[in-house]
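Worksheet: one structure, shown below.
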Amino acid sequence: MTQKETFHGVPGILRPFKEFIGKTGLKKGDQIVYYGVPGTCTPFVELLAFAVRSLEPEQVFVPYVDECRAKKIGHTDDVGMQARAGPVSLKPKAIVIMGGLSMPDVPVKAERVKAVLDKHPGTPVIGVCFMHMFEKAGWLSAISFDCMIDANIDPVEVTTKK
């Protein structure tokens, strides 16, 4: 059964994410692994990581799908969550695929992500994207998400003084 709900703003991304992670049965120290584009996805990964920090998971950022370059995500006082030093041994209890991977000109195809997911069978897969990126890129037919958060950031209003 598929259930679809609509939320608003940044809390509309973070609360459902934390709720889904909570329902996976994740225990203190279990690992959440985020796959995304460096620079573009990392601020959103850090927000997601901050949202679930009270569950005390080990959290890891993987640039693109290069697991050899995985970095731990840790709390920095007066800043929040940040990707830190690696290397990290990966044993994910939850996997988060960031939509930036499906953007045009990013050197990652759905098949490569699927191959990574196949290495971790039975692990819940969460997709987090903006503006229907997974759908536009055709990834929904290749990757089965247990939870998908698809947010809109339109319109964007900018005001500047001359």
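Brief remarks follow.
- Close pairs from the stretch 1-28: first in contact (Cβ under 8 Å) with a residue 60 or more places away in the chain, partner exposed (fewer than 12 other Cβ atoms within 10 Å of the Cβ) and among the acidic types (Asp, Glu), Cβ under 8 Å, at least 6 apart: PRO16/GLU5
- Residue within the stretch 133-151 that is among the hydrophobic types (A, V, I, L, M, F, W, C), in a loop (DSSP other than H, G, I, E, B) and within 15 Å of the chain's Cα centre (by Cα) present: yes
- Selection within the stretch 54-77 - open to solvent by less than 40 Å² (accessible area, probe 1.4 Å) and either in contact with a Lys or Arg (Cβ under 8 Å, 6 or more places away or on another chain) or among the aromatic types (Phe, Trp, Tyr) (or both): PRO57, GLN59, VAL60, PHE61, VAL62, PRO63, VAL65, ILE73, GLY74
- Condition met for ARG84 (modelled with pLDDT under 95 and charged (D, E, K, R)): yes
- When restricted to residues that are open to solvent by 50 Å² or more (accessible area, probe 1.4 Å) and in contact with a Gly (Cβ under 7 Å, 6 or more places away or on another chain), the stretch 143-162 contains 1.
- The strands (runs of 3 or more DSSP E) found wholly in the stretch 1-86 and carrying at least 3 residues that are closer than 28 Å to ARG112 by Cβ and touching a Leu at 6+ places or on another chain (Cβ under 8 Å) occupy 31-36.
- Close pairs from the stretch 134-158: first over 18 Å from ALA94 (Cα atoms) and touching a residue at least 60 places away in the same chain (Cβ under 8 Å), partner open to solvent by 90 Å² or more (accessible area, probe 1.4 Å) and in a loop (DSSP other than H, G, I, E, B), Cβ under 6 Å, at least 6 apart: none
- For the stretch 78-114, taking the residues that are among the charged types (D, E, K, R) and touching a residue at least 24 places away in the same chain (Cβ under 8 Å), the one that is least open to solvent (accessible area, probe 1.4 Å) is identified as LYS114.
The values are calculated or read from the model by the stated rules, or taken from the named source; none is laboratory data. Because the structure is predicted, anything quoted here is derived from the model rather than measured. Positions of Cβ are generated from backbone atoms using ideal geometry, with glycine treated the same way; all protein chains shown enter the neighbour counts. Remember, those area values only see protein heavy atoms, side chains included, never the ligands or the DNA or RNA. Shrake-Rupley method; radii C 1.70, N 1.55, O 1.52, S 1.80 Å.
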